[in-house]
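Chemist: Here it is: the structure, laid out below.
The values are calculated or read from the model by the stated rules, or taken from the named source; none is laboratory data. No experiment lies behind these values; they were computed from the predicted model shown. Cβ coordinates were reconstructed from backbone atoms using ideal geometry, including for glycine residues, and neighbour counts include every protein chain displayed. Areas reflect the complete protein model, heavy atoms only, side chains present, ligands, DNA and RNA absent. Shrake-Rupley method; radii C 1.70, N 1.55, O 1.52, S 1.80 Å.
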Amino acid sequence: MTDRLNRIGVAQLGFIRRTGRWAADAWRALGLPRIWAPQVIPQMRRLGVDSIPIALFLAVFTGIVLALLASYIFTGAVPLYFVGALVAKTIMMELGPVLTGMALAGRVGANIAAELGTMKVTEQVDALETLAVDVHAYLVVPRTIAATVMFPVVTAMAIAVGVVSGWITATNLLDLSTQEFFKGVRQFYQFKDAWFGLVKSASFGCAIAIMGSLTGLRTQGGAEGVGRSTTRAVVLGCEAILVLDAFWALVLL
Amino acid sequence: MIRFTDVSKSFGAKRVLDHFSLEIPTGQTTVLLGYSGTGKSVALKHIVGLLEPDEGIVEVDGQIVPELSRDDLVRLRSSIGYVFQFAALFDSLSVFDNVALGLRQQRRSEADVAARVAASLERVGLADQGDRFPSELSGGMRKRVGIARAIALEPRYILYDEPTTGLDPVTSAVIDELMVRTKRDLGVTGVVVTHDMRSAFAVADRIAMLYQGRVHAVGTVDEIRRTDDPVVRQFIEGRP
């Protein structure tokens, strides 16, 4: 029993030491902009711009479902123009950032983990080291900056599309006019609703990129190892989103 | 000079290097021979600090590699070219950019980088392939790009990890000839990991045979050819 506890303790200490060293390396790499800066724009396009279609697809259906759900819940009890308030506030503050984050945890986190994992098992990461290229500055920092900057942009677009989708649904399928829908939106809107969601989404982007990089660079074995890392990156990314979501709710609301 | 003194390295329960000691003299090509899994590539990775020994000392030009600061390790790595078993070219970069990557880290002017890349590709016979991507190259061409990437930095040492594995005999002979020419023209110290006997005899000044994680025999090509040691003879003759 004591041996087992010792082994667990040693493993935990090893994990903490490796993660600490990794974090220190990544922090130091921030001071090497001549390596990471040229990579940022291409990564913003790959991780951000290329993710717009999936984010907007999700937003369209989120808006439709929210409008219909709100109408169903409010029937007879609450004025129907509250549909606009519920759709806008829920999408801006919660569903927009979280659902977009979850979708992008799959797309972006898996993309980063698979790419870096493949580089690791094919010795491309070792090759970078032998060429005296800082691996964190070349691979991790540009992806993390790109995801942190682009997630709020993609989320903002998803929020806009989600609200428009809810409005179209409300005016076409419910007994609600455009004026009534936007009356609800305006009546309960606060500036904080918008920046709260965008701050959250920036932190989601940062966490997903770090999880993807961390698991990718620790890949061992061949294709099977890459598969394991990819799955792990997505799971850790989703977990990080839920934890951060609760954290921001506690801190900012 | 590269020196291993009593180096041991384990991965989990498997001890790959077991009190491994070897001196690799400057200006010569030393071949590390041995069965798969005897620690040849592991030894090579210790030289550039990709792995750290569990016990023992790894020295390059008098510097103890695991004790180097990050900046000193970067300087050391800049003086060592490494040719990986499967070339380890960067998929997303063209041949030109693969060769240029290490040079750009040294903050050279783009004109200097272009001139050095062109000279390196010329040396390996790929002068007109700079715009192609690794996925468009044959195995032999990929290995040659790997060598061009290593020599572009004008290193003092070049480490070759299984440079002819998976190649046909003619392409293997081309790579062997390239390694010999690189040593002759650039005066670099070579360390070649292989289990290809023909390649070993073609490029080596000295041969060290690894067996069960340590050096079992070491000598010139003629000494190894003529040895009566049963382990070495069995390996050279490829007897089961």
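Chemist: Restricting attention to the range B:94-107, and to residues there that are open to solvent by less than 70 Å² (accessible area, probe 1.4 Å) and out of contact with any Phe, Trp or Tyr (no Cβ under 8 Å at 6 or more places or on another chain), which single residue is nearest to the other protein chains (Cβ to nearest Cβ)? Even if it seems obvious, please write down each step before you answer.
Modeler: Initially, the range B:94-107 is screened for residues open to solvent by less than 70 Å² (accessible area, probe 1.4 Å), giving B:94-103, B:105-106.
If we keep only those that are out of contact with any Phe, Trp or Tyr (no Cβ under 8 Å at 6 or more places or on another chain) as well, we get B:96, B:99-100, B:102-103, B:105-106.
Numbers: B:PHE96: 15, B:VAL99: 10, B:ALA100: 10, B:GLY102: 4, B:LEU103: 9, B:GLN105: 5, B:GLN106: 8 Å.
Checking each candidate, the answer is B:GLY102.
Chemist: Where in the range A:1-118 are there helices (runs of 4 or more DSSP H), lying wholly inside it, with at least 1 residues that are under 21 Å from the mean Cα position of the chain (by Cα) and farther than 28 Å from A:ILE168 by Cβ?
Modeler: Helices (runs of 4 or more DSSP H) meeting the threshold: A:2-29, A:33-43.
Chemist: I've got another one for you. Going through the range A:196-214 one residue at a time, which ones are under 17 Å from A:VAL141 (Cβ atoms) and open to solvent by less than 10 Å² (accessible area, probe 1.4 Å)?
Modeler: Across the range A:196-214, the qualifying residues are A:GLY205, A:ILE208, A:ALA209, A:GLY212, A:SER213.
Chemist: On to the next question. Identify, by number, the condition in (1) surrounded by 15 or more Cβ atoms within 10 Å (Cβ to Cβ); (2) on the phi > 0 side of the Ramachandran plot that B:ARG206 doesn't meet.
Modeler: In the conditions (1) surrounded by 15 or more Cβ atoms within 10 Å (Cβ to Cβ); (2) on the phi > 0 side of the Ramachandran plot, B:ARG206 misses (2) alone.
Chemist: Considering only the range B:70-93, state which residues are open to solvent by less than 20 Å² (accessible area, probe 1.4 Å), more than 7 Å from every other protein chain (Cβ to nearest Cβ), free of Cβ contacts under 8 Å to residues at least 60 places away in the same chain and within 25 Å of B:MET141 (Cα to Cα).
Modeler: B:ALA87 - this is the single residue of the range B:70-93 that is open to solvent by less than 20 Å² (accessible area, probe 1.4 Å), more than 7 Å from every other protein chain (Cβ to nearest Cβ), free of Cβ contacts under 8 Å to residues at least 60 places away in the same chain and within 25 Å of B:MET141 (Cα to Cα).
Chemist: Residues of the range B:94-113 being over 21 Å from B:LEU137 (Cα atoms) and not basic (Lys, Arg), which ones?
Modeler: B:LEU103, B:GLN105, B:GLN106, B:SER109, B:GLU110, B:ALA111, B:ASP112, B:VAL113
Chemist: Could we say that B:GLY219 is open to solvent by less than 70 Å² (accessible area, probe 1.4 Å), free of Cβ contacts under 8 Å to residues at least 24 places away in the same chain and not in a helix (DSSP H, G or I) here?
Modeler: Spelling it out, B:GLY219 is indeed open to solvent by less than 70 Å² (accessible area, probe 1.4 Å), free of Cβ contacts under 8 Å to residues at least 24 places away in the same chain and not in a helix (DSSP H, G or I).
Conditions (1) touching a residue at least 60 places away in the same chain (Cβ under 8 Å); (2) outside any helix (DSSP H, G or I), marked per residue:
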{"position": "A:ASP175", "(1), (2)": "yes, yes"}
{"position": "A:MET211", "(1), (2)": "yes, no"}
{"position": "A:THR219", "(1), (2)": "yes, yes"}
{"position": "A:ALA246", "(1), (2)": "no, no"}
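Chemist: Right, B:ALA118: modelled with pLDDT of 90 or more and over 20 Å from the mean Cα position of the chain (by Cα) or not? Before the answer, list the steps.
Modeler: Details: modelled with pLDDT of 90 or more: yes; over 20 Å from the mean Cα position of the chain (by Cα): yes.
Yes.
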